[in-house]
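All remarks here apply to the structure that follows.
The values are calculated or read from the model by the stated rules, or taken from the named source; none is laboratory data. Note that the coordinates shown come from a computational prediction; the quantities given were computed from them, not determined experimentally. A quick note on method: Cβ atoms are made from the backbone with ideal geometry, for glycine too, and the neighbour counts reach across all protein chains shown.
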Amino acid sequence: MNCAAAVLASIALMAAPAYARPYADIMREANAAFEADDFGKAATLLDEAQIERPYSLFLTRNRVLARILSGRMEEAIALAAEIAGRGLVLETPPHEAFDRMRAEPSYAPVAARMAANAAPKGEARVIAGYAQNNLLPEAISTSKGKVLIGSVRSGEIMRAGAELAPFAKLDGGVFDIEQRKGAVYAAINNQLAFERRSDEAPFAAIVELDPATGAERARHPAGGGPSLIGDIEIAKSGRIYASDSLTPRIVLIDEDTWTNADGANGREFTDPRFVNLQGIALDEKHGRLYVADYLAGLFAIDLKSGAAALIANPANAHLGGIDGLYLDHGDLIGVQNGTSPQRIVRIDLDKKGTTALSLGVLAQALPGWSEPTHGAVAGDDFIYIATSNWPAYDDDGNLREDANPAPLRVMSAPLDR
């Protein structure tokens, strides 16, 4: 790789400073440059956008396209090679420019690496299977042998045993579940594929349920603007941390601060680099909360100050596209369903917990998967929902044409500590 290409290839993982200007403005200019056939300008603007969203494969693909169209084929291949080096496949739609790149002899080893990257890894170990294929299951929680599974489409929480047994039915789709000795907590949203959506205004909330009966004890609305709560963590003190992918922010819930009907208590962690927050993992011992952002990567938030720091990435691993996130013996386990191929990964952190030293694949592209989502650390294994079936439904919860949703499967992968 020549020096210019090496510099361009490394742009995608540069730490993003506070935004110099809005991302939407950059993309508006980039689109205009494409329409004007000014592909050199488009490439420069997309490079700028990628600095703010370093793990957007959409941006990377269009950076490749802009370089091909501006006659910079070697740079385009170098960018594609970086994605292949991270163990991924850069998906490219039908286009004569991508066809030209594929015909280049220097692209052949990149194509071979991507083909190898797409192969399944690990064992498809099914630990529970159920006939239901219409739940859109997102959440799973295990505590002392009690397993609960939550449905985004129906708002149901079910006890998982030999069969699924009803535990609770809520007025929003269930995106996450946490069990504690005296309560069950669920993150619910009456939007995004929830089948009982109505003209009611969208809401996002965390509900506290009786662990024996499933009856609702308390409700904490997210408040403070458009919200979609995707993941929650419960501290020993009872404080709830919740990731909001729409605003985006981390919402803090303490019982003594939730006095307003709309939940507007003003307690939240924000950062201008946040784009699309997903999974969170609480590390109370070291006073921090790990946060996965689909496009910006991994952050560690100091629980006292609320300051967010990007996890350093000298290994040049792909730290985006992570949905579920879990702490295990000082490392992070991520369900990476925003990549191709989809993977379950172990991110080896340094002793300070601030640097990703390496990324290992625990399972990848296994037969029987239909977009894995959340999971749980259970002993020496990671158990997870293997068939959420998200690709089978549109945003209104309607089955897509020709979709064939798979029955609910829970699988496991060894944690390889």
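Taking region 268-283 as the range and being touching a strand residue (DSSP E or B) at 6+ places or on another chain (Cβ under 9 Å) and outside any strand (DSSP E or B) as the test, the residues that pass are 270, 271, 273, 274, 275, 276. Only strands (runs of 3 or more DSSP E) whose full extent lies in region 119-199 are considered here, and the ones with at least 2 residues that are among the acidic types (Asp, Glu) are 173-180. Taking the criterion of being of a type outside the set (A, V, I, L, M) and touching a residue at least 60 places away in the same chain (Cβ under 8 Å), the residues of region 36-58 that qualify are 52, 53, 54, 55, 56. With respect to the conditions (1) closer than 26 Å to residue 116 by Cβ; (2) touching a residue at least 24 places away in the same chain (Cβ under 8 Å); (3) not aromatic (Phe, Trp, Tyr), residue 353 lacks only one, and its number is (1).
Here region 170-206 is the region considered, the condition is being of a type in the set (S, T, N, Q) and over 11 Å from residue 227 (Cα atoms), and the residue that is surrounded by the most Cβ atoms within 10 Å (Cβ to Cβ) is 179.
Looking only at region 391-417, residues that are crowded, with 16+ Cβ neighbours inside 10 Å, part of a strand (DSSP E or B) and either acidic (Asp, Glu) or at pLDDT 95 or above (or both) come to 5 in all. Report yes if some residue within region 116-128 is among the acidic types (Asp, Glu) and at pLDDT 95 or above; otherwise report no. For region 116-128, residues among the acidic types (Asp, Glu) and at pLDDT 95 or above: absent. With respect to being under 19 Å from residue 321 (Cβ atoms), in a loop (DSSP other than H, G, I, E, B) and modelled with pLDDT of 95 or more, residue 88 fits the description.
Considering only region 179-226, state which residues are free of Cβ contacts under 8 Å to residues at least 60 places away in the same chain, more than 25 Å from residue 267 (Cβ to Cβ) and not charged (D, E, K, R). Result: 198, 211, 212, 213, 214, 215. Selection within region 354-407: residues that are acidic (Asp, Glu) and under 25 Å from residue 298 (Cα atoms). The member of this set that is farthest from the chain's Cα centre (by Cα) is 380.
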